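Inspection log for the structure reproduced underneath, given as C-alpha cells.
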Amino acid sequence: ALFKLYRLQTYNGDSCTLDELIEQFRRDFEATATTGSEKTGSEQNHWDNLQRFAPSGTADCAAPKLLQEAYRQKLRPLALAEFWWGAAPRSGIRHHRQLYPACRGKCSLVLPYMLKGLCDDPLSDRLDVSSGKAVLPLPDPLYEDEYLAVFNKPSGMLSVQGKEVVDSVQSILDSRWRPSGHRSSQQKSGAFMVHRLDMDTSGCLLVARDRDTQRQLQALFQSRKIIKLYHALLSRKPGRCLHQHTGRITLPLRADLEDRPRQQVCFEHGKSCLTYWQLLGESDDSATGGLPANNVNEGREAANHNVVGKGLYRVEFKPVTGRSHQLRLHAAHPDGLDAPIAGDPLYGVDNQYGVEDQVDRLMLHAYSLEFEHPVTGERLHIRAPLPF
C-alpha cells in the first residue's frame, strides 16, 4: 500500500507510482519471455528484485529524491554522483569520500525509469561495476591430460557465462572439447567447472573434462585437500603488519542482498571463512623483494616482480575456505588487513593513496594449485606465472 503513494516522475513529464512501475515491468518481462526475446542483464537484475518484492526503502535514496525535485523545478540535471561520507559500516566496505555506483537492490528498478528522456541509454550497464565485454584469448593450458586441465585465466575473462557476457573459459573450452558444440545435461564430456575465479582475478583455474572427474575434484575442494595460493598487491601497508608479517583472518561473509554482487561481513548469518596471509614486502624493494629475512623461500619468484611503483605491498594469501570475494573483503575490511587490493572496483579506493594510477586491473592472482590427481594419484603442483 505504501508503494502506491510514491509517484515517480521522468524528465519528459511521465509519472507513475512505484506499484505501477513494478507491475509494468513484470508484464514487459513476461512478454519478453513468451516471445523468446533475449533479456538484458539489466532486465534480469530488475526481475530478480521483483521475485522477492521491491525492498523497503526503494525510492528513498538520495538520487531518486534529487531527480524528483529537479523535475519539479523544471531543471535539467547535468550530472549526479554519490559518495560515502564518514566511517564505514561494520558489515561492509565503504571509504570516506569515495564515489559509488547506485545499488542494485533499490535503485536498479527506479533509476532507469526516472532517467527516461534525460539520456538515450538510461543506466543499462552503468549500474554494473565491471563491464568486461572484450573477448580475450584463453592461453594454452598450464597442465592438461585426458581427465582435467589447469589454465592461466586472464584478468577480465569470466569463468562461466554471465547474463550478458557470453564468452568465458567454459564456453571457449566447450567449443574445443564438446563435439556437438552445445551443452546437454546428458553429455559426459566437455568443460565441467570445478571452481571459479572472479572475472577480474587472473591465474590458475582447474577444469574437469568429464563429470566423474568433476565430482572427484569438487570432493577434494570440499574436503580442503586442494592447496591454493594467491598473490596480491595492496594499496597501502596492512594495518595488521605494524607488529606482524603473518596471520589469519576469520571474518564470516554473506551476500549483500540489496547490492549484489557485493559481499559483507555478518557474524549472525555469514558463512565461516578462513584466510592465512603473509606480507612479502613493498613492491619496489630490491634484493629479496622486500621479503623478511626468514621468509625468503625457494620458488617465491614474486619477490622479483617489481614492475609497479612504490606504495604497493605484496601479500600471499592461502584461503582455506572459498567464499565469494573472500580475499578481497578480508583484505579491505578494517577488521581484516584494512588495506584494499589495488585496482579493486568493489572494495577499493579511488587513488586515495596515490597508487591506483599505477594499475589497470585487480591486482589479485591465483598463483598456484597443489593437489593429488583424482585418477592417477600423482601429486600435482601447478603455478601460473605472475603478471605483476
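Sort out which residues of region 229-256 are among the hydrophobic types (A, V, I, L, M, F, W, C) and surrounded by 13 or more Cβ atoms within 10 Å (Cβ to Cβ), and write them in order of number.
Result: Leu229, Ala232, Leu233, Leu234, Cys241, Ile249, Leu251, Leu253, Ala255.
Taking region 63-96 only, how many residues are exposed (fewer than 11 other Cβ atoms within 10 Å of the Cβ), not charged (D, E, K, R) and not in a loop (DSSP other than H, G, I, E, B)?
So the answer is 0.
Please verify whether region 225-247 includes one or more residues that are touching a residue at least 12 places away in the same chain (Cβ under 8 Å), among the hydroxyl-bearing types (Ser, Thr, Tyr) and touching a Ser or Thr at 6+ places or on another chain (Cβ under 7 Å).
no
Given the conditions (1) at pLDDT below 75; (2) surrounded by fewer than 17 Cβ atoms within 10 Å (Cβ to Cβ); (3) farther than 25 Å from His365 by Cα, report the number of the one that Lys163 does not fulfil.
Lys163 satisfies all of (1) at pLDDT below 75; (2) surrounded by fewer than 17 Cβ atoms within 10 Å (Cβ to Cβ); (3) farther than 25 Å from His365 by Cα except (3).
Among the residues of region 197-214, which ones are in contact with a strand residue (DSSP E or B) (Cβ under 8 Å, 6 or more places away or on another chain) and free of Cβ contacts under 8 Å to residues at least 60 places away in the same chain?
Across region 197-214, the qualifying residues are Val207, Arg211, Gln214.
Taking Gln358 as meeting all but one of (1) at pLDDT 55 or above; (2) surrounded by fewer than 16 Cβ atoms within 10 Å (Cβ to Cβ), write down the number of the exception.
(2)
Just the residues that are part of a helix (DSSP H, G or I), among the polar types (S, T, N, Q) and at pLDDT 70 or above, please, taken from region 97-130. Steps first, answer last, please.
Of all residues in region 97-130, those part of a helix (DSSP H, G or I) come to 104-114, 124-127.
Those still in the list that are among the polar types (S, T, N, Q) too: 108, 124.
Residue satisfying the conditions is Ser108 alone.
Condition check ((1) modelled with pLDDT of 95 or more; (2) over 16 Å from Lys237 (Cβ atoms); (3) not in a helix (DSSP H, G or I)) across all residues:
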residue	(1), (2), (3)
Arg328	yes, yes, no
Pro334	no, no, yes
Ala339	no, no, yes
Gly343	no, yes, yes
Gly348	no, no, yes
Tyr353	no, no, yes
Leu380	yes, yes, yes
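The values are calculated or read from the model by the stated rules, or taken from the named source; none is laboratory data. Keep in mind it's a predicted model, so treat the numbers as computed, not measured. Ideal geometry is used to build each Cβ from the backbone, glycine not excepted, and the neighbour counts take in all protein chains shown.
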